[in-house]
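The next block holds one structure in the form of C-alpha cells; read it before the comments.
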Amino acid sequence: MNRATVLWSRIRAFFSREQLDAEFADEIESHLQLLTEEHVRRGLSPDEARRAARLTFGGSMQFVEDHREQRGLPFVDTTMQDLRYAARTFRKNPGYAAVVALTLAVGVGAVTSMFTVVRAVLLRPLPFAQPGRLVEITETNPLKNWTHTVAAPANFLDWRARNDVFADMAGYVGVDDRGASVLKRFVEVNGEPALLTGIAVTGNLFDLLGVRPLIGRTFTWQETFDDTNVLVLAYGTWQSFFGGDPNIIGRTIRLSGRTKRVVG
C-alpha cells in the first residue's frame, strides 16, 4: 500500500478504536479457547488447560498494545494520554499546574522572541539584490567621540568620485548624527494634517539596491542636485494615505508647506 492508503487506514482506525479493540479481544479469546481445548484433549483439567494455553499464547496485553500501535496514530495517542494526565494533575493540584503552565508560557515566549530577532537580523536576507555585497560606510569623529556617524555630503561626493572599490555608492540622510532616523513631514489628507516619515536619498540609491517601483519610476542621479522636489512613496503610505490611487504618478502634494511631485 502507498503512504496515502496507510495514512487513511490509520485515521479510520483511530476513530474506530473501541470497535477494533473489541474485535481483536474476541480474536485473542478464540485463539485461547482453541489452545485450551487442545490441552484438555491431552488430559489436562480445564483450569490447567487454560493456564497452559495462556503460557503458550504469550502476553495478550503485549499483543494488544502492538496492534494498537500498528493500526493507529501513535503521536496522537501519546498526545491524548499526556493531555488526560495533565488534566488529572491540574484537578488534583491546580496551583502547581498553573505555575508550571506559566513557566512554560514564559519560556516559549522568550524563545519565540529570540528566534524572531535572530531570524530578522541574522538569518533572513535583506530584501535587496545581492545583499551580501552591500556595505555601509560611516565617518568617525574622535574629537566628539563619534565612532559611527553620518558622512558629510562633501566627503561622500569625494569618495564616490574617487571610488575604485565599489560598484557604486549612494547616500541617505536622516535627522540624527548617524543619519539613522527618519525625516518627519506633514501632509494634508481629507483636510486634516497627517504625519509622514521618510528619508532623503541620493538619486542612485534605488538602482544601487536593485529595487524597482511598482508603478512610475525612481530618482535619477541628476535629481540629487536639481531642486525638482520629486518624491517616491512607500507602498504602505500609498495605500494608507492615498487609497492606492493608480493615478498618483505626477500628482503634486504638499509636505510641511513644500510642494513635492510623486514620480513612483
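Coordinate-derived values only; no laboratory data. Keep in mind it's a predicted model, so treat the numbers as computed, not measured. Reconstructed Cβ throughout: ideal geometry from the backbone, glycine too, with neighbour counts over all protein chains shown.
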Self-check item: Residue-count net charge about residue 168 - beta-carbon cut-off 13 Å; Lys, Arg +1, Asp, Glu -1
Solution: 0
Quiz item: Tell me, what HN-Hα J-couplings in whole Hz come from the Karplus equation 6.51 cos²θ - 1.76 cosθ + 1.60 at θ = phi - 60° for each residue of the range 220-228, using x for Gly and Pro?
Solution: 10, 5, 5, 5, 5, 10, 7, 8, 8
Self-check item: Nitroxide proxy distance, nm - points 7 Å out along Cα→Cβ at residue 128 and residue 217
Solution: 2.2
Quiz item: Each label point is 7 Å from the Cα along the Cα-to-Cβ direction; what then is the distance between the points at residue 81 and residue 115, in nm?
Solution: 2.6
Self-check item: Simple spin-label estimate for residue 108 and residue 154 in nanometres, 7 Å along Cα-Cβ
Solution: 6.0
Quiz item: Each residue of the range 90-99 in order: what ³J(HN,Hα) in whole Hz does its phi give by Karplus 6.51 cos²θ - 1.76 cosθ + 1.60, θ = phi - 60°, with x for Gly and Pro?
Solution: 5, 5, 6, 9, x, x, 5, 4, 5, 5
Quiz item: Amide H to amide H under 5 Å from residue 230: which residues, 5+ apart in sequence or cross-chain, H placed 1.01 Å off N in plane?
Solution: 261
